[in-house]
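Data first, discussion second: the structure below is written as structure tokens.
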């Protein structure tokens, strides 16, 4: 039985963009690592560290998954051969993973959100996506209260020596 490795950004890996807001707005239940089908100018733009996935989402259409509304800015030196910054990008997932995603999204309140874009150890661009359930407003307030209390407690302990 194969053990599923948790995708990590290794020593040679480099984080390009992270959707920090997703962990606050959603309870992430399961994560998947997906490749992305990109154009050459998109890869060059990502190598410069330019990307925004804050308002993007993953759409499963039939037997394919797409990253929608992710903003990869144009690569200036490419001039006329550039890409459209917010075009839909196909995600490279296995059939079994896509079927799992379809099953999860058909449940009530589940969505698929992109969490990180990064270079893996081999230099390939990967997208970490998560199956998430939206948090209630009260849950978000509880998280904020706990975070504030931890900061205050650390200040008190530091001041007392």
| said: Classify segment 99-161 from the C-alpha gyration tensor, please: rounded if a/c falls under 1.5, else prolate or oblate depending on whether a/b exceeds b/c. | reply: oblate
| Computed over segment 74-161: relative contact order in percent, which uses C-alpha pairs under 8 Å that are six or more apart | 17 percent
| said: Could you work out the relative contact order of segment 14-135? I mean the mean sequence separation of Cα pairs under 8 Å and 6+ apart, divided by the number of residues, in percent. | reply: 37 percent
| Nearest-0.05 FRET efficiency for residue 37 and residue 133, computed from C-beta distance (R0 25 Å) | 0.35
| Which distance in nm do the two modelled labels at residue 94 and residue 71 give, with both placed 7 Å along the Cα-to-Cβ direction? | 3.6 nm
| said: I'm spelling it out carefully: the read-out is Rg and Dmax of the Cα atoms in Å, the candidates are (i) 14.5, 45; (ii) 18.4, 62; (iii) 15.5, 56, and one was derived from this structure. Which label? | reply: (ii)
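Rule-based calculations on the coordinates, nothing more; no lab input. Computed from a prediction, not measured in an experiment: that's the story for all the values here. We place every Cβ from the backbone using ideal geometry, glycine too, and count neighbours over all the protein chains shown.
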